[in-house]
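Take a look at the structure set out below.
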Amino acid sequence: MNRVHKNFSRRARVATGGAVLAVVALAGFGAVSANASAPATTPATAAAAVAPDRVTTTSTHLTIDAATKAAQAALDAAEKENQRVTVAVVDRNGNTIVTLRGDGAGPQSYESAERKAFTAVAWNAPTSQLAERLEQAPNLKDIPGTLFLAGGVPVTAEKAPIAGIGVAGAPSGALDEKFAQAGADAIAR
């Protein structure tokens, strides 16, 4: 045995070893705690923070106030003619912004209004025109979420579609589309 151990009693050596272990354990715990509190950065996060402008785009969206105004105008136009309809306004991606179901509107009108609005914005055309296109391309009706019946109109900004308004429940698609157009006109004012 070396000379240092001979000079210390067994009790002193155990106490010293315990103290050294405690210091090492606390130092390790402090290092782990410091790492846990520091925010982790990933290469993707770092790259996104410095991405040049050319990799992003800006799009125009209809506000909730404008969508509500359009839906209410379409519903009011239908009620003036004693029609019980549902009006849906969807954004550029086809997500519903506002749906107003008029008193007495049929249960099928809710989904039909949303699908007409989606179809109008997706194709940037009134659904009455799109229904006519089915003669040349009947498989268009197979696209999920679409409904090629009159009653949907697109809303545009700088000639690009930003929303769709769909109306369903009147006895004819021509009436549905007339009411949807009243909603679009309310936004334009």
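The values are calculated or read from the model by the stated rules, or taken from the named source; none is laboratory data. Everything quoted here is computed from the prediction, not taken from an experiment. With ideal geometry, Cβ positions are generated from the backbone for all residues, glycine too; neighbour counts draw on all protein chains shown.
Sort out which residues of region 54-106 are among the basic types (Lys, Arg), outside any loop (DSSP other than H, G, I, E, B) and either without any contact (Cβ under 8 Å) to a residue 40 or more places away in the chain or touching a strand residue (DSSP E or B) at 6+ places or on another chain (Cβ under 6 Å) (or both), and write them in order of number.
54, 80, 101
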Across (1) within 26 Å of the chain's Cα centre (by Cα); (2) of a type in the set (A, V, I, L, M); (3) surrounded by fewer than 18 Cβ atoms within 10 Å (Cβ to Cβ), residue 163 clears everything bar (3)
Determine which member of the set 137, 74 is under 22 Å from residue 186 (Cα atoms) and among the small types (Gly, Ala, Ser). 74
Counted residues, region 59-84 - those being of a type in the set (Lys, Arg) and exposed (fewer than 14 other Cβ atoms within 10 Å of the Cβ): 1
Can you tell me which of (1) of a type outside the set (Phe, Trp, Tyr); (2) surrounded by fewer than 22 Cβ atoms within 10 Å (Cβ to Cβ); (3) touching an Asp or Glu at 6+ places or on another chain (Cβ under 8 Å) is the one residue 124 doesn't meet? (3)
Go through region 87-104 and give me each residue that's over 22 Å from the mean Cα position of the chain (by Cα) and closer than 12 Å to residue 179 by Cβ. 102
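Rundown of residues vs (1) within 30 Å of residue 155 (Cβ to Cβ); (2) surrounded by 10 or more Cβ atoms within 10 Å (Cβ to Cβ); (3) out of contact with any Lys or Arg (no Cβ under 9 Å at 6 or more places or on another chain); (4) modelled with pLDDT of 80 or more, yes/no style:
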site: 48; (1), (2), (3), (4): no, yes, yes, no
site: 86; (1), (2), (3), (4): yes, yes, no, yes
site: 102; (1), (2), (3), (4): yes, yes, no, yes
site: 108; (1), (2), (3), (4): yes, yes, yes, yes
site: 119; (1), (2), (3), (4): yes, yes, yes, yes
Looking at region 113-121, is at least one residue in a helix (DSSP H, G or I) and within 15 Å of residue 77 (Cβ to Cβ)? yes
